[in-house]
1. From Cα coordinates alone, what are the radius of gyration and Dmax values for region 9-61 in angstrom?
2. Rank-order 150-156, 393-399 by packing density, defined as the average count of other C-beta atoms within 10 Å over each peptide's residues, highest first.
3. Of all alpha-carbon pairs in region 44-201, indicate the percentage at a distance above 29 angstrom.
4. Please compute the Cα-Cα pair-distance distribution of region 271-401 with 10 Å bins starting at 0, giving whole percents from short to long.
5. Measure nothing fancy, just the Cα-based angle from helix 282-292's long axis to the longest principal axis of the chain, in degrees from 0 to 90, nearest 10.
6. If you bin the C-alpha pair distances of the chain every 20 Å from 0, what whole percents do you get?
7. For region 351-422, what does the relative contact order come out to in percent, with C-alpha contacts under 8 Å and a separation of six or more?
8. Equivalent-ellipsoid semi-axes (√(5λ), Cα gyration tensor) for region 53-137, whole Å, largest first?
Amino acid sequence: MPAEALRDADDIRAKVRPRSDFIFPDAKGLTAALAIDGSYAVERVRDGLPSVLYGFAQAAAAYVDLTIMETQAAERFVDPYEIERAVNTALVTLDLPVAGAYTREGVGIATSWREAIDGLFRAKKVQVNRLDESLLDLLFLLHGRPGAPESRVPVNCPTDDCQKDVPVPAAGVECIACNEWLYPTDVLRIHEEVGEEGSNQSALGRLMSVVELLVLVGLATLLWEQSRYELLPSTLFIVDGPLAVYGPPAKLRARALEYFQSMDAATPGDGPFLCGLEKTGAMVDFARQLVRHDILQPGELLVCDQEILARVTNATNVQAYGKETYWGRKFVYRALDGRVVVPTVMPAVGAPYDVNGGNPDPADYASLPAILDVIDRTGSAMYVDGIIPVAAAHGKAAFPIGVGTDVLRLVATQRLGLAPRD
């Protein structure tokens with residue numbers, strides 16, 4: 001068990017960049033922030049053999065007008081109407097049986113999940129202003145480039161030792177080797193993580209994170225297509241959590257990096273502005289430790305190179321860190337008001353992490369100063385080291401405890417036809 005004591009403090013201080021090293025935007029800066037957050041819950045709706053578990057997942061987007069927020073910060077008393085006017089939200093919800101119940105008789109849990117995800121991605125849409133795209137449409141868009149969705153996605157046949165990277169269109173296709181029907185959503189490979197026993201909460205979490213990414217793709221593309229010279233360069237997109245894809249869907253990491261770097265190349269200035277913000281995890285714990293030891297002062301940024309990553313992860317092969325999962329690079333920043341945050345920022349070119357250590361230099365992240373400026377301007381006391389846009393998205397996405405779980409259980413029993421009859 002490694003000691004918690006902070007070692008080699010002087011070596012860490014050498015990696016800290018003062019605020020004067022960065023060119024921050026003018027007084028106007030970014031004028032809006034669009035945060036995306038998700039949550040999921042699994043409810044037991046019948047005990048027995050098998051016990052029936054039903055899952056709910058949702059992703060919310062919250063658009064915050066920073067100009068209105070900042071005018072309210074200058075007032076003695078906050079106007080609730082103005083705060084309400086400054087925030088607009090949208091929500092995508094999914095639900096499916098996760099264990100003990102199936103889409104149809106005679107199939108296992110993996111096939112049931114495959115069929116359920118395919119049906120949900122066809123039915124569920126991201127609908128915001130002029131955006132009206134299904135999750136399936138956005139999945140094909142992510143595999144293409146901005147404005148030009150791919151027509152087929154590479155799918156591995158779920159049958160053992162069968163075809164790999166089969167090009168599957170939106171309608172699906174039959175495997176030529178085993179006649180298994182292949183769905184385009186099989187590209188996510190979430191079904192590989194589910195089992196007949198257990199709650200399958202991990203797989204549901206993977207599904208939620210994919211939906212969060214697709215919501216980001218849809219909203220960023222909407223601004224890129226409709227207001228590339230006005231709204232897009234003035235809006236910060238924030239994902240609650242790192243810019244990363246974990247588990248079986250991790251191949252989407254490369255797709256996200258290529259997609260948004262393509263968008264960056266076709267956008268004037270330094271946009272689109274994208275970042276993830278972590279609230280928990282080893283790097284967040286390390287960041288707070290730096291504050292306790294007065295190593296990181298307000299306005300300062302820690303560069304998380306290989307030495308820092310080795311210290312935090314306690315890994316021997318630190319060169320491999322993040323190269324298969326992250327499409328943004330982690331930094332540690334202490335805001336002017338003392339909050340400490342761990343933003344993940346995408347480089348305009350190249351990979352944030354690779355076998356050679358990636359790009360730790362902040363100079364390779366042109367959007368970084370503007371992102372830090374928004375973090376400075378939007379502090380929130382709703383949770384530790386919080387910011388207003390993420391707090392707004394979380395408030396929309398979170399499932400309420402107590403009565404809320406009773407409502408979810410009631411919905412699940414109705415969906416499965418288990419409600420008692422009069």
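The values are calculated or read from the model by the stated rules, or taken from the named source; none is laboratory data. Here the structure is a predicted model, which means the values were calculated and not measured. Note: ideal-geometry Cβ built from the backbone for every residue, glycine included; neighbour counts use all protein chains shown. Ligands, DNA and RNA are stripped out before the accessible areas are found, and what is left, the full protein with its side chains, is counted by its heavy atoms. Shrake-Rupley method; radii C 1.70, N 1.55, O 1.52, S 1.80 Å.
1. 23.8, 64
2. Order by mean packing, descending: 393-399, 150-156.
3. Working: 4686 of 12403 pairs.
Looking at region 44-201, the distances longer than 29 Å represent 38 percent of pairs.
4. 12, 42, 34, 11, 0
5. Here the helix axis deviates by roughly 30 degrees.
6. 25, 55, 20, 1
7. 11
8. Ellipsoid half-lengths, sorted descending, are 41, 15, 7 Å.
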